[in-house]
Every structure is written in C-alpha cells, then in structure tokens.
Amino acid sequence: MSTLFDPVDAGNLRLANSIVMAPLTRNRSPHAVPTDLAVTYYRQRATAGLIVTEGTAISHQGQGYADVPGLYAPEQLAGWKRVTDAVHAAGGRIVVQLWHVGRISHTSLQPGGGLQPGGGRPVAPSAIRARSKTYLVKADGSGEFAETSEPRALETGEIAGIVDDFRRAAKAAVEVAGFDGVEIHGANGYLVDQFLRSGSNRRTDAYGGSIENRARFLFEVVDAVRDAAGSGRTGIRLSPVTPANDASDPQPQPLFDHVAAGLGSRGLAYVHVVEGATGGDRDFRQGDEPFDYRAFKAAYREAGGRGAWLVNNGYDRELAEKALAEGYADLVAFGRPFIANPDLVARLRQNATLNEPDKSTFYGGGARGYIDYPPLAAS
Ligand code: 8OZ
C-alpha cells in the first residue's frame, strides 16, 4: 500500500511523495515579478512532492489582486526561472498555477487603470458584479481590501484571445521559466469557474445556457494548455461547490460530472479537487444534495482519465492517509500548514507538532511570515 511518503507519478512527473503544496496567494511580487524572497520561500518548501505556485496571472487583464506574480513579461519569467532553478537544485518539482480572475478584480489593477470612464473594467462571462473583495496596495504601501468592480461581459469574439493568453503563458512557463508543468486555475469563482456556474454565466451564445455550453471555455483552455505544455504536464484545479467569490450553481453534480468526463478523455497529469468550501467547511453544499466526489472521480476514470487524483481542503495526516489507503486519492494538497511549516513533509513523517500560521502576514508584506518560519531543529 502506498503511503504519503512514497514516490508517485502524476502524468510525466515523478514525485518524491504524495504531499503537495497547495497554491497560496501571498501578494509579494511588486510589478508582478517574483523576488529573491520568493526564491527562498519556494526553495524552503522543495521537499513537497510537488509545489503548485500561487495563482499567477496569464495576462494583465487576468490580474485581480495587488502584487500577484505574472507570466506575461520577460522580467516575470526571469524571476520565476530563478525560483524553478532553486527548487530543482533542492530536488523538488514545481508547477505554476495559470490564473485569470475574470470579474474578481478592480479597475485600478486592469489595463487602462480605470482612468477613463468605462475603461479598465474587469471582464466576465456576464456583467454581474461579484459580492466579493479584492486586495489592493495604497500609495503609502499599506494593504486594503476593496469591493470588486462592476465587470463587463466578454464579446464572443474576445474569448479566443483569452484562450490564447492561457496557451502563451503555459508555453512560456515550461519553455522559458523552467516549470515542470502547469495547473489551470478552474476553481474558486475565477474566470473558468465563472463560465461554468450559472450564477455568473447568463450568456446566450455558445458559452452559456446548457452545461455543455458553460463548460466550453474550460475545455478550450484545457486543449490550448495541453497543446503548449503537454498533457502529461497539465493539471487543473476545480472546486465543485465552493461559494468562494460569490460562485453559485444550484446543480453542481451534473455540471461537474460532465467536466470530469471531458477531462477524462483528455489525459491530464492530475485533477486537483477542492472539497467543500475553500478553506472552510468540507461538507458545504450547493443545491439540495451533498456533492458526490466519488461519482465525480468515477466519471473521470470511466472516460479514460488516468491522471493522479489530488484532493484538498482541511486534510491532516490522518485524513490524508485514509484517503490514500482507501484508494480514493493519489495526492493530498496542504495549504496553510505549508505557510508555517517549510519542512511539512518531515514534520508529518515524524508526527511532529506544527507551527501555527500567522494570518496577519498571509497577504502582502516582506520576509516576516514568509521565509522566517523555523524548520525542526536539526537532530
Ligand atoms: C486567497 C486570497 C486571494 C486569492 C483562490 C487565488 O482562492 C485565490 C486567493 C486566495 O484561489
């Protein structure tokens, strides 16, 4: 029986163990360029079987929070190359999370900067504002949470350009920035998820209405990214029921079973599933029935999907080992524990106590709460 600490394959990626560092937004990349601090932060965590980076904008339009890194300018790719080199030198594997926030943004973060009337509006499937907040940095350098701006609905003819932005970012990620692969951010109420869920998608063209139409954008993105990075180096993150960022759909099961089947025929490295409300209640539901994650996985396998099944949300060592022992999960992602425990793998292996993360340093700032959590004392 495989345990959390045995080597495992995810597509073309051979991982040292089943413990994955979940994507974690940290807002420490001024001008969207990862700094020396990011090099240290990721290197410190390289004993994870796989690191999934923080969400990284595929385009300026895909930016929704202050000081999030990007993949759309040479300095950003060069910054990431230093991160991937450091992780590889430490024996780790790292994929980058490809992110377009859609409506979860603010005019001040968008191209055009919101200076002209109507300019700089975030884009979305439909012009429906999310009841959600984003994070900005003020002129004096301090951070603040702000309401997301009113989005504008994408023209049908603009959608292919966004798919191309995903393609370009994926190609640059593996060819220039040195990543082992990419993860499409299809979760948590961002652009891909906004197309999927009926609460944010009221379109009447080929991208709205039926489940098939709402999933069209996701499959176009998946196909473009696989084409650029290789299917054995492409993963996707989904969160079928999360209410994060005002995401809603009364019937998640048929929607996500359809998505799972379509992914199954596309041969990905892994599928990353946030179970329940992201960062919260694992039993959260949308609609009347609890979501059946095993049926969702079965739909993927029945359609031929052989990628690793990566689970996330509130796992501790015991729950993780149970998910592996039952043959349900192949990989388990840990989020907040990785913020506070750079050597989480060693700590889980030894059943050592964990450092507690300090919420006040999650978003923005510098070294404090980022690279100064202590590892276990060397014995
Ligand atoms: C926390 C703060 C900002 C963004 C997500 C990328 O929920 C995020 C995120 C999380 O996927």
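The values are calculated or read from the model by the stated rules, or taken from the named source; none is laboratory data. None of these values were measured; they are calculated from a predicted model. Here the Cβ is made from the backbone with ideal geometry for all residues, glycine too, and neighbour counts use every protein chain on show. Note: accessible area is taken over every heavy atom of the protein model, side chains too, but ligands, DNA and RNA are not part of it. Shrake-Rupley method; radii C 1.70, N 1.55, O 1.52, S 1.80 Å.
Can you compute the FRET efficiency between S198 and H60 using 1/(1 + (r/R0)^6), with r the Cβ-Cβ distance and R0 = 25 Å? Round to the nearest 0.05. Walk me through the numbers before you get to the answer.
Working: r = 29 Å, r/R0 = 1.14.
After rounding to 0.05, the efficiency reads 0.30.
Would you mind calculating the gained length between V176 and R152 on full extension (0.36 nm times residue separation, minus the Cα-Cα distance), in nm to one decimal? Show your work: numbers first, answer last.
Details: separation 24, 0.36 × 24 = 8.64 nm, distance 3.28 nm.
Additional length available on full extension: 5.4 nm.
Note on R129/S265: beta-carbon distance plugged into 1/(1 + (r/R0)^6) with R0 of 30 Å gives a FRET efficiency of 0.25.
The charge dipole of the chain, taken about its Cα centre with unit charges on the Cβ atoms of Lys, Arg (+1), Asp and Glu (-1) only, comes to about 340 debye.
Comparing G64, A86, Y300 along the charge dipole axis of the chain, the residue lying farthest to the positive side is A86, per the Cβ-charge model.
Name the aspartates and glutamates eligible as straight-distance cross-link partners of K322: C-alpha to C-alpha under 16 Å, and not fewer than 8 places from it in the same chain. K322 reaches D6, E275, D330. Label reach from S108 (point 7 Å along Cα→C-beta): in region 36-72, amide nitrogens under 17 Å belong to 63-68. Of the accessible area of region 12-95, computed with a 1.4 Å probe over protein heavy atoms only, carbon and sulfur atoms account for 54 percent.
Based on the Cβ-Cβ distance from R14 to K81, what FRET efficiency comes out when R0 is 22 Å, to the nearest 0.05?
Efficiency for this residue pair is about 0.55.
Straight-distance candidates among the aspartates and glutamates for linking to K359, with alpha-carbon spacing under 15 Å and chain neighbours fewer than 8 residues away dropped: E144, D372.
How would region 182-332 be classified by its alpha-carbon gyration tensor: rounded, prolate or oblate, with rounded meaning a/c under 1.5 and the a/b versus b/c comparison settling the rest? The partial results should precede the final answer.
On the way: a/c = 1.73, a/b = 1.16, b/c = 1.49.
Oblate, because a/c is 1.5 or more while a/b does not exceed b/c.
Positive-end ranking of A172, A269, A124 along the dipole of the chain, with charges on Cβ about the Cα centre, is headed by A172. Under the classification rounded if a/c is under 1.5, otherwise prolate if a/b is larger than b/c and oblate if not, where does region 268-338 fall, given a ≥ b ≥ c as square roots of the Cα gyration tensor eigenvalues? Judged from the Cα gyration tensor, region 268-338 comes out oblate (a/c at least 1.5, b/c at or above a/b). Largest accessible area first, the residues E183, E158 order themselves as E158, E183 under a 1.4 Å probe with ligands, DNA and RNA left out. Relative contact order of the chain: 17 percent, from C-alpha pairs under 8 Å at least 6 residues apart in sequence.
Nearest 20 debye, what's the magnitude of the dipole of region 113-193 about its Cα centre given +1 on Lys and Arg Cβ and -1 on Asp and Glu Cβ?
Numbers: 9 positive and 12 negative charges, 44 e Å.
Computed charge dipole of region 113-193: roughly 220 debye.
Per DSSP H run of n ≥ 4, the term is -39500 (n - 2.57); total these for the chain, divide by its residue number, and report the mean residue ellipticity at 222 nm rounded to 500 deg cm²/dmol. Each step should come with its number before you reach the end.
Details: 11 runs with 109 residues, N = 379.
Computed mean residue ellipticity for the chain: -8500 deg cm²/dmol.
Within the straight-line cut-off of under 30 Å between alpha carbons, the lysines reachable from K171 are K81, K297, sequence neighbours fewer than 8 places apart in one chain being disregarded. Distances between placed amide hydrogens fall under 5 Å for N27 paired with G364, all partners being 5 or more residues away or on another chain. Highest mean packing comes first when the peptides 365-372, 225-232 are listed by Cβ atoms within 10 Å, giving 225-232, 365-372. Distance between the 7 Å Cα→Cβ label points at A346 and A73: 3.7 nm. As a length-normalised measure over Cα pairs under 8 Å and 6 or more apart, the relative contact order of region 190-292 settles at 29 percent. From the alpha carbon centroid of region 234-299 to that of region 1-75 is 22 Å.
Near A10, the amide H atoms lying under 5 Å from its own belong to L15; only residues 5 or more places off or on other chains count, and H is placed 1.01 Å from N. Prolate is the label for region 53-159, because a/c, from the alpha-carbon gyration tensor with a ≥ b ≥ c as root eigenvalues, is 1.5 or above and a/b exceeds b/c. In terms of the mean number of neighbouring beta-carbon atoms within 10 Å, the peptides 285-293, 188-196 order highest first as 188-196, 285-293.
Note the full-extension length gain between T3 and F284 as 0.36 nm times their separation in residues minus their Cα-Cα distance, in nm to one decimal. Each step should come with its number before you reach the end.
On the way: separation 281, 0.36 × 281 = 101.16 nm, distance 2.79 nm.
Additional length available on full extension: 98.4 nm.
The order of F5, F145 by accessible area, most exposed first and with a 1.4 Å probe, is F145, F5.
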